[in-house]
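Heads up, the thing below is written out as structure tokens.
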């Protein structure tokens, strides 16, 4: 009788408690590594979206300048998030933007250069585009410079 019980126990497969704990620890370590990387990738995606929108708006402003030989004195974006997400550069020129991105626009004193500041609460920081200084600025520039 005992021999039959032992034989039956040997045939039953299963995991021991130690094996299950080791697997759970490995999964925990992998999750601890992967979750911060995933969150950083999301912030990078918001930054890429914001930079792309700023460049698209700048291209549209340059197109207006090519057509009229002047930048719009007041563009239709004032730093508020629009619904649906879009920016009116001038009458009839609307640029679609990503959700939750907000933009401000300013001309310099001579009206021959402009500055755009793009912001999103989920991005790492504001992105600034200055037409007279080569376009998109370094990540340390968070607002339009005093003289551009």
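When each of 15, 103 is scored by the number of other beta-carbon atoms lying within 10 Å, the sequence from fewest to most is 15, 103. Using R0 = 30 Å, the C-beta based FRET efficiency linking residue 70 and residue 146 works out to 0.85. Note on volume of the Cα convex hull per residue in Å³: of the candidates (1) 106; (2) 168; (3) 122, the value calculated from this structure sits at (2).
Working from label points 7 Å from Cα in the Cα-to-Cβ sense, the residue 59 to residue 45 distance is 2.2 nm.
When peptides 87-97, 138-148 are sorted by average Cβ neighbour count within 10 Å, with the highest value leading, the order is 87-97, 138-148. Taking the longest Cα principal axis of the chain as reference, the axis of helix 2-11 is set at about 20 degrees.
With respect to the chain, whose longest principal axis is taken over its alpha-carbon atoms, helix 17-68 is tilted by about 10°. Cβ crowding within 10 Å, taken as a proxy for footprinting-reagent exposure, orders 114, 38 from fewest neighbours to most as 38, 114.
Every read-out reported here was derived from the displayed coordinates using simple, explicitly stated rules and does not represent laboratory data. Keep in mind that this is a model prediction, so the values were computed, not measured. Backbone-built Cβ (ideal geometry, glycine too); neighbour counts: all protein chains shown.
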